[in-house]
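**Q** Can you read through this structure? Questions will come right after.
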Amino acid sequence: MSIRFDDRVAIVTGAGGGLGRAYALDLAKRGAKVVVNDLGAARDGAGQSDAALSVVAEIEAAGGIAMANGGSVTDYEQMVEMVAKAQEAWGGVHIVINNAGVLRDKSFAKMEPADFKFVVDVHLNGSANVTKAAWDVMRAQNYGRVLMTASSTGLYGNFGQANYGAAKLGLAGLTKTLAIEGAKNNIKVNTIAPTAGTRMTEDIFPAEAFAAFSPDKVAPAALYLVSEDAPTNMIIGAGAGVFQAAYVTLTQGALLSGDDLSPEGIAAHWAAITDRSGEMVPQNGAEQSMSILKKLQGA
Ligand code: NAI
């Protein structure tokens, strides 16, 4: 069965180029009315351009429906206004893809606090701003699909990206709680961790890889994750046509008492504490607490 987005209104942030552009074009092709948000900033967040307008023109040329928004995701009021305009024009907001992003890479030793704050502000606070602006609309509609954009750096780390990694894992954390809070209103929230040849990675990827990792090889996962039958609370890796699921797991662990309830005991039982056999994937924080209780009852 083909996946369609007819009668759905989607906001894609940072959609003036790269991955966001691919998502916006594909959503529009499949019937969605798309708000193409992009400040049109340089890779480090400086400046502004009309990148959003050119993607709207592309969508319209292909027979789709779109509107441009040049607001910054860091400005909550502008995001509220963007949601209001979409609602006014098209009667709702069903999909939010938080994709806007910037880089200010440097080793932590050399990173200025301002560059740490800025990157966290665009990715993490920016995604919270847009999602918050649309949240009540989604709740009232009893329908919402939200996609956050994490990265391998957030999930697993990367030299020179402390600011970016902190923001990106924060987004996976935001996903987890919003998936729980949104469930009763049919709001599904997921995270994508893409790998794609865009201007963000142009000086990292060799030229051949750049083409193999084109954004359109990530877009199918993004579209599925905001579709009617989307799962919720998932972290999906996507790059070059390879799709993976990442989990935050928990080991069975060890219950220590007496003399073992000490730093020395932790050291002595390290192998058992970190043993991955029987690993769990808690679906909420309470499940971790329950696993502790279970361990105590088994004692
Ligand atoms: P990109 O640089 O082409 O796209 C980011 C877009 O966000 C730009 O068009 C930029 O103007 C826009 N933007 C920046 N600040 C903004 C703001 N305050 N408000 C609105 N728009 C703003 O890069 P790419 O690769 O397409 O990145 C898209 C997302 O995917 C980002 O969140 C990035 O961190 C993430 N990502 C990309 C990976 C890759 O391999 N390309 C890897 C992991 C994550």
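**Q** Under the classification rounded if a/c is under 1.5, otherwise prolate if a/b is larger than b/c and oblate if not, where does region 1-76 fall, given a ≥ b ≥ c as square roots of the Cα gyration tensor eigenvalues?
**A** Numbers: a/c = 2.24, a/b = 1.94, b/c = 1.15.
Because a/c hits 1.5 or more and a/b exceeds b/c, region 1-76 counts as prolate.
**Q** Any idea of Leu296's accessible area? Nearest 10 Å², probe 1.4 Å.
**A** Here the accessible area works out near 90 Å².
**Q** So, with +1 on the Cβ of K and R and -1 on the Cβ of D and E, and no other charges, what is the size of the charge dipole of the chain about its Cα centre, to the nearest 20 debye?
**A** The dipole magnitude comes to about 420 debye.
**Q** Where in the chain lies the longest segment free of chymotrypsin sites (Phe, Trp or Tyr not before Pro) that are both loop residues by DSSP (not H, G, I, E, B) and have at most 13 other Cβ atoms within 10 Å?
**A** On the way: sites that count: Phe108, Phe159, Tyr247.
With chymotrypsin sites (Phe, Trp or Tyr not before Pro) excluded where exposed in loops, the chain gives 1-107 as its longest stretch.
**Q** Further question on the same structure: Note the angle between two axes, namely the Cα long axis of helix 162-182 and the longest principal axis of the Cα atoms of the chain, as a number of degrees from 0 to 90, rounded to the nearest 10.
**A** 90 degrees
**Q** Sticking with this one: Can you give the % of DSSP beta bridges in the chain that are antiparallel, to the nearest 5? Numbers along the way, then the final one.
**A** Details: 6 of 33 bridges.
Among the beta bridges of the chain, antiparallel pairing accounts for roughly 20 percent.
**Q** Which longest uninterrupted range of the chain lacks any GluC sites (Glu not before Pro) assigned by DSSP to a loop state (not H, G, I, E or B) and surrounded by at most 15 other Cβ atoms within 10 Å? It would help to have the intermediate numbers written out before the result.
**A** Working: sites that count: Glu202, Glu228, Glu279.
In the chain, the maximal stretch lacking such sites is 1-201.
**Q** For the chain, what are Rg and Dmax over the alpha carbons, in angstrom?
**A** 20.8, 73
**Q** Helix 285-297 versus the longest principal axis of the chain: what is the Cα-based angle in degrees, 0 to 90, to the nearest 10?
**A** Result, in degrees: 20.
**Q** Quick one: accessible surface of Leu169, probe radius 1.4 Å, all protein chains present, in square angstrom to the nearest 10.
**A** Answer for Leu169: close to 90 Å² accessible.
**Q** Taking Cα pairs under 8 Å and at least six residues apart, what relative contact order does the chain come out at, in percent?
**A** Values: 595 pairs, mean separation 42.4, N = 299.
Relative CO of the chain lands at 14 percent.
**Q** Which translational diffusion coefficient, to the nearest whole µm²/s, is obtained for region 195-299 from the Stokes-Einstein equation, given a Kirkwood hydrodynamic radius over C-alpha pairs, 20 °C and 1.002 mPa s?
**A** On the way: Rh = 17.5 Å.
Diffusion coefficient, whole number: 122 µm²/s.
**Q** Something else now. Give the carbon-plus-sulfur fraction of the accessible surface of the chain in %, rounded to a whole number; probe 1.4 Å, heavy atoms of protein chains only.
**A** Numbers: 8160 of 14710 Å².
Carbon and sulfur together cover 56 percent of it.
**Q** Checking the a/c ratio against 1.5 first, then a/b against b/c, what shape does the Cα gyration tensor give for region 116-158? All intermediate terms of the calculation are to be shown ahead of the outcome.
**A** Values: a/c = 5.78, a/b = 1.94, b/c = 2.98.
Oblate shape, in that a/c is at least 1.5 and b/c is the bigger or equal ratio.
**Q** Taking a 20 Å limit on the Cα-Cα distance, which of the listed pairs Lys132/Lys176; Lys29/Lys168; Lys117/Lys188; Lys117/Lys176; Lys132/Lys184; Lys188/Lys294 fall beyond it?
**A** Lys29/Lys168; Lys117/Lys188; Lys117/Lys176; Lys188/Lys294
**Q** Around Ser49, with a cut-off of 13 angstrom between Cβ atoms, what is the net charge of the other residues, counting Lys and Arg +1 and Asp and Glu -1? Kindly include the intermediate steps, with their values, before the conclusion.
**A** Numbers: positive: Arg43, Arg199; negative: Asp38, Asp50.
Around Ser49, the surrounding residues sum to 0.
**Q** Give me the dipole magnitude in Debye, nearest 20, for region 115-182 about the Cα centre, with unit charges on the beta carbon: positive for Lys and Arg, negative for Asp and Glu. Could the numbers behind the result be given before it?
**A** On the way: 6 positive and 4 negative charges, 26 e Å.
Here region 115-182 has a charge dipole of around 120 debye.
**Q** Measure nothing fancy, just the Cα-based angle from helix 126-141's long axis to the longest principal axis of the chain, in degrees from 0 to 90, nearest 10.
**A** On a 0 to 90 degree scale, this one is about 80.
**Q** Moving to a separate point now. Let me know the shape class of region 62-126, please: from the alpha-carbon gyration tensor, a ≥ b ≥ c as square roots of the eigenvalues, rounded when a/c is under 1.5, otherwise prolate if a/b is greater than b/c, or oblate. Kindly include the intermediate steps, with their values, before the conclusion.
**A** On the way: a/c = 3.70, a/b = 2.45, b/c = 1.51.
The shape class here is prolate.
**Q** If you roll a 1.4 Å probe over the heavy atoms of the protein chains, what accessible area per residue do you get for the chain, in Å²? All intermediate terms of the calculation are to be shown ahead of the outcome.
**A** Working: 14710 Å² over 299 residues.
The answer is 49 Å² per residue.
The values are calculated or read from the model by the stated rules, or taken from the named source; none is laboratory data. This structure is a prediction, so every number in the text was calculated from the model and none was measured. Don't worry about glycine lacking a Cβ; one is built from the backbone with ideal geometry, like all the others, and counts go over all protein chains shown. All accessible areas refer to the heavy atoms of the entire protein, side chains included, with ligands and DNA or RNA removed. Shrake-Rupley method; radii C 1.70, N 1.55, O 1.52, S 1.80 Å.
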